[in-house]
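Remarks on the structure that follows.
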Number of protein chains: 2
Amino acid sequence: MSGVRAQQKEKTRRLLVEAALNQLSAERSFSSLSLREVAKEAGLAPTSFYRHFTDMNELGLTLVDEAGLTLRQLMRQARQRIAKGGSVIQISVETFMELIESNGNVFRLLLRERSGTSSAFRAAVIREIRYFTMELCDYLQQANDLDSEVAYMQANAAVTIVFSAGSDALDMEDSAERQQLSKQTIQQLRFIARGAAELSDRRKLSRRSRK
Amino acid sequence: MSGVRAQQKEKTRRLLVEAALNQLSAERSFSSLSLREVAKEAGLAPTSFYRHFTDMNELGLTLVDEAGLTLRQLMRQARQRIAKGGSVIQISVETFMELIESNGNVFRLLLRERSGTSSAFRAAVIREIRYFTMELCDYLQQANDLDSEVAYMQANAAVTIVFSAGSDALDMEDSAERQQLSKQTIQQLRFIARGAAELSDRRKLSRRSRK
DNA sequence: TATAATAGCGTACACGTGTACGCTTAAATT
DNA sequence: AATTTAAGCGTACACGTGTACGCTATTATA
């Protein structure tokens, strides 16, 4: 079992995955991709597709996993940069925007198929985003000593804002425009952080006075 | 020119529009609808479709206009309720959620096709949302005496949050769950309002001291 | 009243789709 | 060395798609 065969198989499987990702663009969503198109882009006969996935749906779920991986990579990268000091919000947004620039198509998948057509698909995307939100929630709760419910609301709002900005950024070619968007997003996150901190403080006070 | 003919035409045109709207659901986006499906749902022969629209694309733009109308209706309704007193944010969110419950498919169109496949389509949706944002921006600026840039950032963030919540609400069957979502959304908007008010105040102070 | 315009239909076509089936060829197993 | 396994291909099929074309029936115009 030298595995030269399994190795080849993995290789062309990658080919399919990459082919699907490459076909994504502003005008082309995953759900509008056909099995034959993907196979052709990968240089395979349509029927060979089935040796790797039963379905376009299954390929899609694989892509979502890939996207989740990228998202976790994003978090790691941001944490490293934050450890070196600087504004947490600014660093996070800038890291996110960088990753969108280099992995555009992966994010297109998450952003577009979130309210897409297939229910299994939507569920998978939503799960990845929820995971991302929860991580952020934990961080906020610990770092800023927030009420847990407040931390969740803040994390949820922040993720919504950032992902929406990311979606907008994907359709921008001008880099100055992107920078402007980054700046605005950072400010909006600060709004949210400010409001969350205040509510958390108020809740702490009312809890203390009740005792 | 009694117009009985033009009247009939308008009537079946409506039939097509309604047919398209009725076919929208969690599993069915507009871009996945075929001309033949819509025609069949309307009780027409496929080729009769062309007597009213050149394209599915053109039908789509008509639907977006319809959605814009609904959006403006929302604003009017909210303003009326606000005039009677109460929390502006709470009333706005609740009005929005009501309209989503009664006009689900119209909103599905806006929320899903925002990053959809056709560029003319995306542009139209984005335009409607921008118009909505601008209206809110004017209101905020005037009612809360905000810096204009700050007002825009607040309006933009608020619309993002509310539309995202609306999108989530569309996939909920449980009404208690929806209520919980409303509550959370209201709180998130308050975060943003708080942060915006503070920044606006700070800017005013720095402007005054500079003079 | 005679003529023109037009909403709606049925037929027909070329095209892209998913996928069933059997074959080949090379790796894996015995 | 003989046999089994399986990746990839080509052919073939039924189906749904958009739409061109000509016809009919009814309303609008002259």
At 7 Å along Cα-to-Cβ for each site, give me the label-to-label distance between residue A:54 and residue A:120 in nm. 0.7
Ranked B:93, A:162, criterion: other C-beta atoms within 10 Å, fewest first: A:162, B:93
Kindly write out, for region B:72-84 in residue order, the coupling ³J(HN,Hα) from the Karplus curve 6.51 cos²θ - 1.76 cosθ + 1.60 (θ = phi - 60°), rounded to whole Hz, with x marking Gly and Pro. 5, 4, 4, 4, 4, 4, 5, 4, 4, 5, 5, 4, 7
Modelled label-to-label distance, residue A:98 and residue B:201, 7 Å Cα→beta-carbon offset: nm? 3.6
Enumerate the calculated ³J(HN,Hα) couplings along region B:187-201 in order (Karplus 6.51 cos²θ - 1.76 cosθ + 1.60, θ = phi - 60°), each rounded to whole Hz, writing x wherever the residue is Gly or Pro. 5, 5, 5, 5, 3, 4, 4, 4, x, 5, 4, 5, 4, 4, 4
Which aspartates and glutamates does residue B:9 reach when only Cα atoms under 20 Å apart count, and residues fewer than 8 places away in its own chain are ignored? B:18, B:37, B:41, B:55, B:58, B:65, B:66
If N is the residue count of region A:1-53, its Cα Rg over 2.2 N^0.38 Å rounds to 1.23
For region B:159-168, 3J(HN,Hα) per residue [Karplus equation, 6.51 cos²θ - 1.76 cosθ + 1.60, θ = phi - 60°, Hz, x = Gly/Pro]: 5, 4, 4, 5, 5, 5, 5, x, 4, 5
Take peptide B:190-200, look around each residue's Cβ out to 10 angstrom, count Cβ atoms belonging to other protein chains, and average those counts. 6
For label points placed 7 Å from Cα toward Cβ, what is the shortest-first list of nm distances from residue A:27 to its copies? 3.1
In angstroms, what radius of gyration and Dmax does chain A have, counting Cα atoms only? 20.5, 72
Cross-link pairs beyond the 24 Å C-alpha cut-off, checked among A:204/B:183; B:84/B:183; A:183/B:204; A:183/B:183: A:183/B:183
Using Cα pairs closer than 8 Å and at least 6 residues apart in sequence, work out the relative contact order for chain A, in percent. 19
CD proxy at 222 nm, helix term only [per DSSP H run n ≥ 4: -39500 (n - 2.57); per residue of chain A; nearest 500]: -27000 deg cm²/dmol
Quick one: if you stick a label point 7 Å off each Cα along the C-beta vector at residue A:28 and residue B:171, how many nm between them? 2.6
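Read-outs: derived from the displayed coordinates by stated rules, not from any lab. Predicted model, so just to flag it, every value in this text is computed and none were measured. We place every Cβ from the backbone using ideal geometry, glycine too, and count neighbours over all the protein chains shown.
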